[in-house]
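**Student:** Before anything else, here's the structure in question.
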């Protein structure tokens, strides 16, 4: 009995101490969506339970290790008891109730994260080796960045062009695979203006690690400006700054459109030709002829990659960059490639 | 001729023959005899040189004969494919086709060469073959470990040593890619090499664990139930030896471009990746035979060959764990074989099982794959948890708390294991009508697992604990498996899993379950039965150093993995975004990983050296009541001269005069007086 009281005191004290620490550790990244708040609340309940069970098991184990160790030259055996049916039933039933409680909570939270809304913004997300593409069917906008207005329900419709990928923005907490030949759905409501990244979470081949694209959560006003710019109907107010530097645009697009997954900027060989020293170089094509890499050739190779394929490379580059990139972005890419000498 | 000359000559002749065969096969296939890249030729020459070297040591040795059979199988398969393709009017040589067909034939060649089929083939012709006992006439004792043998103890050691070797390969791969992750950006590995290495690390570890489980079960189960061997000794040898060419096939993948799907081989990526994937898929297909046949043997032995008086609830608890495991292996393994075979067929014969454009379904692969691969987790951990339950009473000098509850919890886990597979697909886009039920079933696994934990606590409570190396590893198993267990429910709850799925949190979770459920108990078992197997004692000091390095290293590594995953680190990425600020965590994980690696190296060194030079062990150094400890060390060829009789409970430590087995008319109680001083 003395031992039972001792160990109970130790467990209670240690549980509260560890709970205090655990509840003050920032376990998760920024909470940037309604779903993140729901999921984090459930997760912290999990953490509390974990802390208690962790202390319970380790407490009794360590207490036994230190208190019930065999003394030197003590030939006697331990206390003789076989078990205790009442205890066994207790520690079968209590965990059973606990896990069922968590499952019920899980079901409730899941249904909340999946709820649809009337005014939701639909975005079509397409994953392919190794880039993301986003379309806004309402306005016919295609983009390599996912721009979202803050505090508005978003309905993502996910597709894959080739293999299974997975849409994950850690700050949003939710994740959904994209499966070739199937349509998948994910809903979320961003709550924090900021820049995040969607990171492919399902191993999808060579450049899986680099299958990332920017996610920009904007104020409703900024989102409207972006939308108008993409539609070409934006009228800048007086005195607004001049257009962005094309090299900066190109550098950003090179990442967001997934170019750098196949084209290195440091001369190393990947799936496609490196961009380092590319501009001005004379390339041998698959049919044996040669071409000097100039602006026109680069433009053609971006919008119609199969037209003049460089010898030694496969025709694997997607053919739709002419649709998903704006003319300014293509120009930016070309200017950026020119700087890589 | 002196031995050294035969070894040198064997190597040279082997290497020359290998090179000739290599050039010849290419010529027959219509390729230029020498490729631009000569490395495959050198690899082939070295490989066949090593076979020649082994044959130089002894021409009767099974392993090199098996390798010659395997090489012959490859040549036959390649020639047959080239021939058939020519007859069909196709180009004779298609690299992937010829190697795929050859990979199906090569393991059969190995089994013929090693002698695993010899007895059965003789029976076809009506030739009687007796069971082989001891090394073949005129051969030294070590000879039988390198060839086909029917004794369960030899096979158990073969399984264990092969398992440790594979673990070494897989662990080395982990150290390589862990070093790569020390800093953002690619340091010294190519992306494809990294992706191949993570897949190989995973699948070779799984093969190693299955072999380790097979090793413990084969060695211990007949001894514990009082049998002199397994029910089907020839099948037992076959089940081990088919695992060897399978493992070689998986390793061969790296010479054919590797594969970048990870060990899960998800279609459609596995249909599109490099041709190396075929070797991995076919290797695992054959490995499955080892699991299934081994399971049949263990079930038959346990159910039919127990000593008189040994009712099911008087078996040593480890036997219960193995029985539960064997049921999973017997009924689940077919599904991974099937799913991998379907990928091979889709790749090579364009059958669109998983191709949506041809009416197939990519998710079908995941269902088939996880229907085995989730229960497989319990194949890995149940025997390990059985070891914990087996050893705790011995080192606590107390009865096992709640024997029946522990025994039945293993069965409950085995059964539940088949009802939870879709939790691996919570983010795959399956309907809620599947996600919710699978969340409930997955949660239920916590209940029988909890019973085990609490019963272990009941076992150590008010015991007389002492702490030689095996007990330290048992305690570490509990502490580490606790991390694995407690990180489970957040993954089983669908909403939290939406964040955690495919993150490093999962990596931390399953490494903790694998280490707590298999690696730590496996080493506990190795140290514990080492004196019984070898007749010598391991070095206690080195054992403690091994324990300290592996335990602290692993504790830090798994917790850091889980932490990094919460912050957004994905599984299986060759490079990470420096903006995430997780480099320090990666440095910690890598250093901790090396601590584990060095610890294991010290452990293996300890076992290898002690097997030859350790102190001679007493018969029952731990004062165990289990029947195998009442035998001389090492165990005699035929285990028990006469069958023993079970007259009491297995774990009645602390009850004066309690008897478990009566052997040769003597009552064996397990003597506490023989305990080592603390």
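The values are calculated or read from the model by the stated rules, or taken from the named source; none is laboratory data. Keep in mind that this is a model prediction, so the values were computed, not measured. Here Cβ is always computed from backbone atoms with ideal geometry, including for glycine, and neighbour counts include all displayed protein chains.
**Student:** With respect to residue B:596, determine if the residue is farther than 30 Å from residue A:255 by Cβ and in contact with a helix residue (DSSP H, G or I) (Cβ under 8 Å, 6 or more places away or on another chain).
**Tutor:** When the stated conditions are applied, residue B:596 passes them.
**Student:** OK, next. Only one of these is in contact (Cβ under 8 Å) with a residue 40 or more places away in the chain and more than 24 Å from residue B:111 (Cβ to Cβ): B:31, B:53. Name it.
**Tutor:** The unique qualifying residue is B:31.
**Student:** Taking residue B:185, is it outside any loop (DSSP other than H, G, I, E, B) and in contact with a helix residue (DSSP H, G or I) (Cβ under 9 Å, 6 or more places away or on another chain)?
**Tutor:** no
**Student:** Still on this model: How many of the residues in the stretch B:307-360 are more than 24 Å from the chain's Cα centre (by Cα) and in a loop (DSSP other than H, G, I, E, B)?
**Tutor:** So the count comes out to 14.
**Student:** A further question follows. Can you pull out the residues in the stretch A:147-195 that are without any contact (Cβ under 8 Å) to a residue 24 or more places away in the chain, buried (at least 23 other Cβ atoms within 10 Å of the Cβ) and more than 8 Å from chain B (Cβ to nearest Cβ)?
**Tutor:** Within the stretch A:147-195, none qualify.
Rundown of residues vs (1) within 26 Å of the chain's Cα centre (by Cα); (2) in a helix (DSSP H, G or I); (3) loosely packed, with under 15 Cβ neighbours inside 10 Å; (4) at the interface with chain B (Cβ under 7 Å from one of its Cβ atoms), yes/no style:
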{"position": "A:42", "(1), (2), (3), (4)": "yes, yes, no, yes"}
{"position": "A:61", "(1), (2), (3), (4)": "no, yes, no, yes"}
{"position": "A:64", "(1), (2), (3), (4)": "no, yes, no, yes"}
{"position": "A:72", "(1), (2), (3), (4)": "no, no, yes, yes"}
{"position": "A:106", "(1), (2), (3), (4)": "yes, yes, no, yes"}
{"position": "A:111", "(1), (2), (3), (4)": "yes, yes, yes, no"}
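**Student:** At least 2 residues that are touching a helix residue (DSSP H, G or I) at 6+ places or on another chain (Cβ under 8 Å) in each: list the helices (runs of 4 or more DSSP H) lying fully within the stretch A:206-304 that qualify.
**Tutor:** Details: elements: A:220-231, A:246-256, A:295-303.
Those helices (runs of 4 or more DSSP H) span A:246-256, A:295-303.
**Student:** Now for a different question. Out of curiosity, is residue A:94 without any contact (Cβ under 8 Å) to a residue 40 or more places away in the chain, facing chain B (nearest Cβ under 7 Å) and either buried (at least 18 other Cβ atoms within 10 Å of the Cβ) or touching a helix residue (DSSP H, G or I) at 6+ places or on another chain (Cβ under 9 Å) (or both)?
**Tutor:** Taking the combined requirement at face value, the residue does not satisfy it.
**Student:** Hey, does the stretch B:228-242 have a residue that's farther than 23 Å from residue B:637 by Cα and modelled with pLDDT of 95 or more?
**Tutor:** yes
**Student:** Which residues, counting only those in the stretch A:161-190, are at pLDDT 95 or above, farther than 15 Å from residue B:366 by Cβ and part of a loop (DSSP other than H, G, I, E, B)?
**Tutor:** The answer is A:169, A:170, A:171, A:172, A:173, A:174, A:183, A:189.
Okay, residues lined up against (1) more than 8 Å from chain A (Cβ to nearest Cβ); (2) more than 23 Å from residue B:315 (Cα to Cα); (3) crowded, with 20+ Cβ neighbours inside 10 Å:
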{"position": "B:427", "(1), (2), (3)": "no, yes, yes"}
{"position": "B:435", "(1), (2), (3)": "no, yes, yes"}
{"position": "B:449", "(1), (2), (3)": "yes, no, yes"}
{"position": "B:458", "(1), (2), (3)": "no, no, yes"}
{"position": "B:471", "(1), (2), (3)": "yes, no, yes"}
{"position": "B:482", "(1), (2), (3)": "no, yes, yes"}
{"position": "B:489", "(1), (2), (3)": "no, yes, yes"}
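**Student:** Among helices (runs of 4 or more DSSP H) lying entirely in the stretch B:1-91, which contain 2 or more residues that are modelled with pLDDT under 90 and over 24 Å from residue B:139 (Cα atoms)?
**Tutor:** Correct list: B:3-28, B:39-57.
**Student:** Which one of these does residue A:86 not meet: (1) surrounded by 13 or more Cβ atoms within 10 Å (Cβ to Cβ); (2) in a helix (DSSP H, G or I); (3) more than 44 Å from the chain's Cα centre (by Cα)?
**Tutor:** (1)
**Student:** Please pick out the residue among B:321, B:326, B:357, B:407 that is within 14 Å of chain A (Cβ to nearest Cβ) and modelled with pLDDT of 95 or more.
**Tutor:** Going through B:321, B:326, B:357, B:407 in turn, the sole match is B:407.
**Student:** Tell me whether the stretch B:339-348 contains one or more residues that are in contact with a strand residue (DSSP E or B) (Cβ under 7 Å, 6 or more places away or on another chain) and within 30 Å of residue B:104 (Cβ to Cβ).
**Tutor:** The answer is no, given that none of the residues of the stretch B:339-348 is in contact with a strand residue (DSSP E or B) (Cβ under 7 Å, 6 or more places away or on another chain) and within 30 Å of residue B:104 (Cβ to Cβ).
**Student:** I would also like to ask the following. Quick one: residue B:67 ticks every box in (1) more than 30 Å from residue B:4 (Cβ to Cβ); (2) within 28 Å of the chain's Cα centre (by Cα) bar one, so which box is it?
**Tutor:** Failing condition for residue B:67: (1).
**Student:** Identify the residue in the stretch B:291-306 that is touching a residue at least 60 places away in the same chain (Cβ under 8 Å) and surrounded by 20 or more Cβ atoms within 10 Å (Cβ to Cβ) and, among all such residues, is farthest from the chain's Cα centre (by Cα). Full working, then the answer.
**Tutor:** Pass one, the stretch B:291-306, residues touching a residue at least 60 places away in the same chain (Cβ under 8 Å): B:291, B:294, B:296-298, B:300-302, B:304-306.
Add one more test, that the residue is surrounded by 20 or more Cβ atoms within 10 Å (Cβ to Cβ), and what stays is B:291, B:294, B:297-298, B:301-302, B:306.
Working: B:291: 10, B:294: 12, B:297: 17, B:298: 16, B:301: 21, B:302: 21, B:306: 26 Å.
Restricting to residues being touching a residue at least 60 places away in the same chain (Cβ under 8 Å) and surrounded by 20 or more Cβ atoms within 10 Å (Cβ to Cβ), the top hit is B:306.
**Student:** Between A:32, A:22, which is away from every other protein chain (no Cβ under 11 Å), in contact with a strand residue (DSSP E or B) (Cβ under 9 Å, 6 or more places away or on another chain) and in contact (Cβ under 8 Å) with a residue 12 or more places away in the chain?
**Tutor:** Working: A:22 fails: in contact with a strand residue (DSSP E or B) (Cβ under 9 Å, 6 or more places away or on another chain).
Just one listed residue meets the conditions, A:32.
**Student:** A further question follows. Select from the stretch A:48-59 the residues that are under 17 Å from residue B:566 (Cα atoms) and surrounded by 19 or more Cβ atoms within 10 Å (Cβ to Cβ) and write down the one among them that is nearest to the other protein chains (Cβ to nearest Cβ).
**Tutor:** A:50
**Student:** I would also like to ask the following. Please go through the stretch B:573-582 and give me each residue that is part of a helix (DSSP H, G or I) and within 10 Å of chain A (Cβ to nearest Cβ), ordered by number.
**Tutor:** Of the residues in the stretch B:573-582, the ones part of a helix (DSSP H, G or I) are B:578-580.
Passing the criteria: B:579, B:580.
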